[in-house]
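The values are calculated or read from the model by the stated rules, or taken from the named source; none is laboratory data. All figures in this text were calculated on a predicted structure; none of them were measured in a lab. We place every Cβ from the backbone using ideal geometry, glycine too, and count neighbours over all the protein chains shown.
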Amino acid sequence: MENEQPTLERITLKKIFGDILDLFNIEKGLLYTLKALTVYPGQAVKTYLFEDRKKMVKPFRYLILTTAIMAFLTINYIGVENSQFRKGIELGIENRELAEQKQNPAKTARFEQMIKTIEVAYAKYFNLFIMFSIPIYAMCFAWFLKKPKLNYAEHLILASYLIGQQSVISILIKPLEKYNFELGTSIYTLLAIAYMFYLYQRFFEYKFIAGFFRVLAAYAIGTVIYTSIFGMGMAIYFFITLGVGS
């Protein structure tokens with residue numbers, strides 16, 4: 001008698017979706033993580049750091065997943081041309097030195113080509129630009145938030161969950177951004193900052209006023225450092241590409 005070939009399980013949409021979730025190992029913890037980080041984020045992160053790491057999706061997986069979805073929607077649904085990045089470049093064009101260069105047709109063409117090149121890079125590495133902010137913010141929060149004492153790696157975990165959940169907020173706001181970009185962006189900014197205060201206030205259990213100013217100082221300095229580094233990189237690129245001063 002010939003050996004019977006084993007019957008393979010038929011492919012279904014449920015199986016495909018399950019395989020996708022299994023790729024990220026988030027099938028059991030994603031909904032719980034979303035709920036926990038929304039309702040009681042401080043306690044959820046404390047539990048992950050000090051008690052039980054089985055219930056929640058690991059912070060870097062959560063971060064990669066949420067920022068990837070957010071980046072995809074930003075690039076393909078909203079469009080790079082409507083991004084804050086593009087608007088920042090447009091403001092830079094108004095700078096006197098760049099405005100003078102745009103009067104030269106040759107340099108104008110080079111400038112437009114450079115903008116397109118930057119936009120392509122921005123679209124390609126959008127989520128990496130976001131992730132680059134995490135070690136900077138983690139460092140600044142470590143400077144200002146002392147109790148309970150966390151090491152730098154633990155601050156990275158906290159910042160990763162923060163950025164991951166802010167990406168979720170951004171995902172939910174995308175339809176409004178598509179309808180009214182300025183309004184959607186303003187609401188996202190308010191919600192993202194409010195969530196940051198909520199998470200850190202709950203985690204460190206500061207009194208409202210003390211916690212508010214500590215978190216504000218850490219966030220402000222982190223933003224200055226991040227934008228300065230990013231801005232210097234862009235300025236160098238502008239200088240090299242446009243031949244400023246030549």
I need the full set of residues from the stretch 34-56 which are more than 13 Å from Ser167 (Cβ to Cβ) and surrounded by 17 or more Cβ atoms within 10 Å (Cβ to Cβ), in order please.
Ala36, Pro41, Gly42, Ala44, Val45, Lys46, Tyr48, Leu49, Met56
On the given criteria, is Ala159 touching a Phe, Trp or Tyr at 6+ places or on another chain (Cβ under 6 Å), crowded, with 20+ Cβ neighbours inside 10 Å and not aromatic (Phe, Trp, Tyr)?
yes
Filter the stretch 185-230 down to the residues that are under 15 Å from Lys147 (Cα atoms) and under 20 Å from the mean Cα position of the chain (by Cα), then identify the one that is surrounded by the most Cβ atoms within 10 Å (Cβ to Cβ).
Tyr200
Within the bounds of the stretch 38-49, is there any residue that is modelled with pLDDT of 85 or more, aromatic (Phe, Trp, Tyr) and assigned to a helix (DSSP H, G or I)?
yes
Inter-residue pairs, beta-carbon under 7 Å, first under 14 Å from Ile193 (Cα atoms) and in the stretch 205-228, second among the β-branched types (Val, Ile, Thr) and surrounded by 17 or more Cβ atoms within 10 Å (Cβ to Cβ), 6+ apart:
Gly222/Ile136
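For the stretch 190-220, give me each residue that is basic (Lys, Arg) and in a helix (DSSP H, G or I).
Within the stretch 190-220, Arg202, Arg214 qualify.
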